[in-house]
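**Student:** One structure, as structure tokens, below. Some questions next.
The values are calculated or read from the model by the stated rules, or taken from the named source; none is laboratory data. It should be emphasised that the depicted structure is a prediction, and the values quoted were computed from it without experimental measurement. Note that each Cβ is placed from the backbone with ideal geometry, even for glycine, and that neighbours are counted across all protein chains shown.
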């Protein structure tokens with residue numbers, strides 16, 4: 001399920017290391033509303049990573065909730081090379097499907113449960129930090145007030161969080 005995501009992350013890492021000597025400073029920003037079913041995906045993945053990873057100077061983990069723009073100052077101060085937004089995104093696949101989107105493709109996605117759309121947020125953060133940014137999108141099934149997370153998305157959250165944990169541990173040797 002995550003082989004394509006793994007390929008994309010490894011390619012981005014290879015490109016980064018071709019131009020710089022150090023591993024990228026990474027901000028992972030989980031976006032979503034935990035009261036709206038599958039929309040909680042991004043925040044729940046970041047919560048999982050925070051529980052499993054030690055404090056480490058090369059990356060920061062932020063639960064951006066429904067107002068991720070409120071963390072722009074913290075992100076700017078950290079000065080990341082990469083910014084990963086993780087959010088529920090409607091892109092016409094089966095619920096729980098995970099895809100990586102570059103900033104140009106984000107404009108075509110439906111992620112409207114937040115004050116600021118992800119494409120505007122990414123543009124703003126890239127201007128401020130000059131970081132490479134992209135969205136890890138998870139196709140939702142149920143996004144309604146006070147709804148439960150659907151079974152397919154719940155499984156995807158768990159698998160994606162574990163995949164990202166392994167990728168980070170292997171990449172940063174932690």
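**Student:** Of the residues 64, 96, which is at pLDDT 90 or above, at positive phi and surrounded by 17 or more Cβ atoms within 10 Å (Cβ to Cβ)?
**Tutor:** Going through 64, 96 in turn, the sole match is 96.
**Student:** Any idea which of 155, 168 is closer than 15 Å to residue 59 by Cβ, out of contact with any helix residue (DSSP H, G or I) (no Cβ under 7 Å at 6 or more places or on another chain) and in contact (Cβ under 8 Å) with a residue 40 or more places away in the chain?
**Tutor:** 168
**Student:** What tally of residues in region 27-39 results from selecting those that are within 24 Å of residue 53 (Cα to Cα) and surrounded by fewer than 21 Cβ atoms within 10 Å (Cβ to Cβ)?
**Tutor:** Here the count works out to 2.
**Student:** Also, I was wondering about something else. Scan region 99-140 for residues that are modelled with pLDDT of 85 or more, within 16 Å of the chain's Cα centre (by Cα) and farther than 24 Å from residue 153 by Cα and report the count.
**Tutor:** Result for region 99-140: 2.
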